[in-house]
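Read through the structure below, which is laid out as structure tokens, and then see the notes.
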Amino acid sequence: MSKIYFDNGSTSYPKAPGVAKAMAELLEQGAFNINRGNYEGAYEVAERVLETRELLAKMFGAERSKQVVFTPGITHSLNYVIKGLLKAGDHVLVTGMEHNAVMRPLCQMEKLGVVYEVVPTDMEGMVKASDVEKLIRKETKAIIMLHASNVCGTVVPIEEIGAICKKHGLYFVVDSAQSAGTLPINMKESNIDFLAFTGHKGLLGPQGIGGFLISDRLNQELVPLIAGGTGSISDSLEMPDTMPDKYESGTLNLPGIIGLHASLEYLEKTGIEKIHQKKMELTKYLLDGLKKYPDIRVVGRQGLEDRVAVVSLDFQNADNAMAAFQLEAEYGIMTRVGLHCAPMAHKSLGTYPQGTVRVAFSADNTFEEIDVLLRALKEL
Ligand SMILES: Cc1ncc(COP(=O)(O)O)c(C=O)c1O
């Protein structure tokens with residue numbers, strides 16, 4: 001039985017061409033540590049790391065590559081900002097669609113006196129900018145939200161909400177897990193102060209590398225969560241204030257960065273609009289095909305507007321977990337079932353506690369693969 005991978009919301013597969021080769025070459029030919037070795041090989045790796053920062057700054061509309069900080073991924077990045085910025089008495093707004101990468105650190109901070117409030121969404125997971133503005137108080141410090149839902153693919157209006165943040169002097173923190181590499185994101189135009197990204201989803205890179213881009217304004221206030229050696233200003237026991245060292249203690253994931261470098265070059269050459277277009281054609285094909293199945297509810301937006309290629313299904317007359325299990329066991333179709341680390345989003349969408357079966361495309365998926373899925377759903 002051939003296998004069909006529809007779990008790109010979790011991690012992309014296949015990775016961009018050249019990623020595995022670049023990583024293997026680094027490991028075989030000298031994965032020398034940067035900022036610590038005074039020899040040619042280390043300088044070469046440092047050069048590639050700088051190029052990766054430049055590619056990211058260009059992709060996300062940041063002015064300088066020094067605004068790019070590497071971490072293992074969005075989860076770590078969000079912990080950095082939530083725990084390094086918020087103090088007892090601060091108030092923050094999130095939306096009803098957030099992932100646990102936002103909610104769990106926020107719940108920890110709530111025990112220390114931080115107050116958070118959830119801006120409700122409609123049944124399609126959409127949040128209105130005016131509803132966000134209504135909840136702003138004088139203690140509000142930041143608005144933290146995802147750009148696109150990992151449960152149902154709904155894209156929220158970050159430009160409008162960024163403008164509200166600017167008007168009220170709030171920090172704007174955006175989780176780009178399901179939109180980076182698919183939708184254009186411009187930090188400056190959308191007034192984003194902290195853009196958390198992960199390399200292994202739409203950016204088509206390896207797992208374990210991601211990071212954030214930070215505005216100068218927020219950088220001045222943010223306290224680094226992790227302290228340690230940076231290979232710079234080593235005579236001081238204090239953390240350096242220079243970027244990006246301020247947030248990059250310890251040895252960086254160099255194979256991950258070099259893999260990400262290869263995938264970012266691929267994305268730049270291919271163009272993310274082209275990738276997004278293909279994914280949306282696949283989404284349309286699936287949504288059209290599903291119209292013949294009244295027993296399967298498409299959760300979230302029904303059309304293509306304001307969405308990415310993440311489609312959640314709720315079986316009305318069958319158990320979702322059993323359906324996903326059968327899709328894999330009998331047809332080789334890999335999906336993801338359950339709450340997708342976002343219980344609050346399922347409460348917003350009316351699919352808690354049963355969760356959904358999630359299908360998330362990459363541009364490498366085909367219409368024939370969707371035909372196999374539709375046939376399998378008919379038989380199920
Ligand atoms: C919306 C959203 N936020 C955050 C994350 C966490 O990303 P990572 O596991 O790469 O840190 C994910 C991953 O599933 C996600 O979908």
Next item on the list: Can you work out which of the residues in the stretch 191-202 that are more than 14 Å from the ligand (Cβ to nearest atom) and crowded, with 24+ Cβ neighbours inside 10 Å is nearest to Glu221 (Cα to Cα)?
Entry: Asp193
Margin query: Looking at the stretch 10-19, can you tell me whether even one residue there is more than 30 Å from Leu373 (Cβ to Cβ), of a type outside the set (Gly, Ala, Ser) and away from the ligand (no atom under 16 Å from the Cβ)?
Written below: no
Next item on the list: Please go through the stretch 170-190 and pick out each residue that is within 15 Å of the ligand (Cβ to nearest atom), in contact with a Ser or Thr (Cβ under 9 Å, 6 or more places away or on another chain) and part of a loop (DSSP other than H, G, I, E, B).
Entry: Ser176, Ala177, Gln178, Ala180, Gly181, Leu183, Ile185
Checklist line | Only one of Thr75, Thr71 that is more than 22 Å from Asp241 (Cα to Cα), of a type in the set (Ser, Thr, Tyr), at pLDDT 95 or above and within 14 Å of the ligand (Cβ to nearest atom) | finding: Thr75
Check: Would a scan of the stretch 88-105 turn up a residue that is more than 19 Å from Leu170 (Cβ to Cβ) and open to solvent by 60 Å² or more (accessible area, probe 1.4 Å)?
Finding: yes
Item checked: Filtered residues of the stretch 279-295 (kept if crowded, with 18+ Cβ neighbours inside 10 Å and either among the basic types (Lys, Arg) or farther than 21 Å from Tyr13 by Cβ (or both)) -> Lys279, Leu290
Notebook entry, point to check: Can Gly289 be described as outside any loop (DSSP other than H, G, I, E, B), modelled with pLDDT of 95 or more, on the phi > 0 side of the Ramachandran plot and not β-branched (Val, Ile, Thr)?
Noted result: no
Notebook entry, point to check: What number of residues within the stretch 40-57 are open to solvent by 60 Å² or more (accessible area, probe 1.4 Å), free of Cβ contacts under 8 Å to residues at least 60 places away in the same chain and of a type outside the set (A, V, I, L, M)?
Noted result: 5
Next item on the list: Please work out which residue is nearest to the ligand (Cβ to nearest atom), limiting yourself to the stretch 130-169 and to residues that are among the hydrophobic types (A, V, I, L, M, F, W, C) and open to solvent by 10 Å² or more (accessible area, probe 1.4 Å).
Entry: Val155
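The values are calculated or read from the model by the stated rules, or taken from the named source; none is laboratory data. Quick caveat: nothing in here was measured; it's all calculated off a predicted structure. No Cβ is skipped: glycine too gets one built from the backbone with ideal geometry, and neighbour counts run over all protein chains shown. Surface areas here come from the heavy atoms of the whole protein model, side chains and all, with no ligands, DNA or RNA. Shrake-Rupley method; radii C 1.70, N 1.55, O 1.52, S 1.80 Å.
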